[in-house]
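Peer 1: Attaching a single structure in structure tokens format; questions to follow.
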Amino acid sequence: MVMAESLKPDFGTKMKRLREERGVTLRQIADATKLSVGALEALERNDISRLPGGIFTRAFVRSYATEVGLDPEQTVRDFLVQFPHDSTVGSPQALQDSDAADVRRRVGITAVIVVVVLSALLGAALLVTMTLRN
């Protein structure tokens with residue numbers, strides 16, 4: 001089993017092979033995605049230090065995958081398997097933390113909206129009550 005693992009191509013080599021099998025050039029991907037050919041070459045060489053990092057690198061991977069006809073989300077997961085702890089890319093844990101922060105932010109915004117609407121309703125009810133008394 002260890003022998004099979006060592007023969008398994010790395011992420012960049014696999015992407016390049018799949019791209020070439022589909023007859024897609026780096027120039028075609030660059031034109032369609034507005035990514036530089038240099039960045040795409042870096043991705044195929046696993047030279048992630050030449051990529052912008054974080055969500056931008058994941059966006060590069062998604063765009064590349066889409067243009068080659070691969071599942072973008074699965075391709076990003078495959079990428080993160082190869083580069084799980086690289087600070088320029090972000091780990092799956094960082095993605096989960098980011099999702100949790102988004103949920104907290106949405107809950108906070110929803111709570112503020114509910115308070116504002118309830119305050120407006122209370123104010124309107126108070127105004128109607130005072131008007132009816134006069």
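Yes/no per residue for (1) touching an Asp or Glu at 6+ places or on another chain (Cβ under 7 Å); (2) on the phi > 0 side of the Ramachandran plot; (3) at pLDDT below 90; (4) surrounded by fewer than 17 Cβ atoms within 10 Å (Cβ to Cβ):
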{"residue": "Thr66", "(1), (2), (3), (4)": "no, no, no, yes"}
{"residue": "Gly90", "(1), (2), (3), (4)": "no, yes, yes, no"}
{"residue": "Ser98", "(1), (2), (3), (4)": "no, no, yes, yes"}
{"residue": "Val112", "(1), (2), (3), (4)": "no, no, no, yes"}
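Peer 1: Can you find a residue in the range 70-83 that is modelled with pLDDT under 90 and touching an Asp or Glu at 6+ places or on another chain (Cβ under 8 Å)?
Peer 2: yes
Peer 1: Moving on. Give me the pairs, please: first residue somewhere in the range 47-60 and touching a residue at least 40 places away in the same chain (Cβ under 8 Å) and on the phi < 0 side of the Ramachandran plot, second residue anywhere and among the aliphatic types (A, V, I, L, M) and outside any helix (DSSP H, G or I), beta-carbon distance under 8 Å, and either six or more positions apart or on two chains.
Peer 2: Ile48/Val89
The values are calculated or read from the model by the stated rules, or taken from the named source; none is laboratory data. Keep in mind the model is a prediction, meaning the values are calculated, not measured. All Cβ positions, even for glycine, are placed from backbone atoms using ideal geometry, and neighbour counts span all protein chains on display.
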